[in-house]
Each structure stands twice: as C-alpha cells, then as structure tokens.
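The structure appears below as structure tokens.
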Amino acid sequence: SVPMGCKTAPAPDAGFLEGPEKMAPQTERFPFDRAWVKPDVQKENYDYMVIAPVNTEYLMENTGWKAANPGNIELENSARELALYTEEQFREAFEKDERLGLQLTSQPGPRTIVLELAIVELVPSKATMGALRLAAPALGPAGIVGGGGAAAAGGRSSVAIEGRLKDSVTGETLFMFADRKESQMRIIDLKAVTWWGHAKDIIKDWANECVELVKTPKDYQVKERGFFTLSPW
C-alpha cells in the first residue's frame with residue numbers, strides 16, 4: 001500500500017471560529033485534531049442542511065498569501081476555485097451517501113443546520129511554488145509561514161480547515177472542528193500544476209468524514225480516512 005496523507009501538528013486558530021479554545025481532541029468520535037459539540041444538542045431536531053459558500057479570506061489574508069503576491073490575479077482566482085471545489089466535494093459526498101439522515105437543501109429554515117467551512121492554511125511544495133512563480137508568505141515571529149504554516153507542518157505540503165454547524169434559525173453554533181493534514185509525496189505534473197492540487201484528496205476525505213459523522217450515532221467512532229490506498233498492481 002502507498003501512504004496517502006498523514007497527521008501533522010494541529011494548525012493555530014485562524015479566527016474563523018468563535019470560542020475555538022472550547023475545542024479539544026475527541027478521538028473516540030471525531031477524526032479531527034480538535035472538535036466541540038454543544039452539550040445539549042439533539043441531532044433528531046434537524047432534518048436538513050445548507051452548505052454555505054466556503055471561506056478562503058483567512059487563507060489569503062491571515063497567512064500572508066495575498067501580501068506576498070500582490071496583484072496576482074491567478075492566485076486570487078485559484079483561491080476562488082479552491083472554495084468552489086471544497087463546496088462541491090462536500091455537496092457531492094452528501095448527495096452520494098444513501099444512509100438515512102440529513103438531506104441537503106438550498107434554503108435556511110426550521111429544522112435546518114448550516115455547514116460553514118473555511119480553508120485556513122495551505123502549504124504547497126517548493127516545486128509547485130517554483131512552477132507557479134509564487135512568493136512564499138513572510139515568516140511570522142516564530143519562524144512560521146504566515147504565523148502558522150510550513151514550519152509548523154514540518155515543511156511538507158499541507159492544508160488546514162475549520163468548520164462549524166449552526167442552527168439556521170437561531171444562528172447558534174452546535175458543532176465546531178479544526179483539522180490539518182499533510183499530503184502524500186507525489187511527482188508533480190508541472191504542466192498541470194495548481195496551487196492547491198495537493199489538497200484535493202484531503203478535501204474529499206474531510207467531506208466523507210463529515211457525511212459519516214452526521215449520519216452515525218454519537219457513540220460511533222469515525223476513523224480518519226486517507227492514510228493508505230490500495231496499490232494499483
């Protein structure tokens with residue numbers, strides 16, 4: 001088998017989530033670095049879910065990509081494509097899953113939760129950076145890219161996400177999670193390279209993990225995907 005992705009140090013809080021200090025590792029249930037569930041939340045109270053547009057502002061602003069590459073329209077377009085890809089993968093994972101549970105809807109309303117996601121950190125390989133002629137964000141005070149990137153992730157390609165589920169009527173946060181994963185080492189096709197190409201498989205894993213979480217009982221352990229894949233021979 002070939003390693004797909006691996007755990008790395010948790011990413012620092014990006015600012016997308018309110019009260020992130022409430023989150024902690026909960027490996028008996030969640031496959032993420034940290035998670036928090038509102039103590040009295042009842043899954044049975046919800047039938048529908050809206051997937052909100054994915055946020056990449058924290059990625060572009062807080063980790064310094066925009067500042068390091070001023071006026072780079074291709075990079076900004078790439079961030080929009082990353083947001084759309086993430087939303088599509090989560091939508092597709094929910095639509096393909098045949099288990100009973102939450103159904104996707106496009107409108108907030110009663111018995112509906114909203115899934116809000118943010119890609120908060122992205123560390124491509126040096127080869128990708130060179131191929132795209134991108135400048136790396138400036139090092140933060142601790143010698144970490146943008147205050148929390150490549151150095152914290154061991155200098156390898158990685159991506160980090162933050163997410164929450166909210167009651168669409170009250171706006172109350174019901175669940176929060178944060179996770180960072182390193183991507184597998186692979187040969188880069190320099191003709192088709194993209195800034196966030198290394199994150200595609202990881203984003204698919206996150207989407208499938210989230211589907212499994214909302215469609216299984218609270219005492220069910222959702223295991224982390226993507227550590228290994230079958231060999232092609």
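Each value in this text was obtained by applying a stated rule to the coordinates, not by laboratory testing. Here the structure is a predicted model, which is why all the values come from computation and not from measurement.
Under 17 Å of direct C-alpha separation, and excluding same-chain neighbours fewer than eight residues apart, K126 reaches these aspartates and glutamates: E182, D189. Length gained on full extension, A52 to Q221: 58.2 nm, using 0.36 nm per residue less the C-alpha separation. With both partners inside region 21-126, how many of the DSSP beta bridges are antiparallel, as a percent to the nearest 5? Taking every DSSP beta bridge within region 21-126, about 10 percent pair in antiparallel fashion.
Using a cut-off of 20 Å between Cα atoms, the listed pairs K38/K218; K43/K215; K43/K166 include none that exceed that distance.
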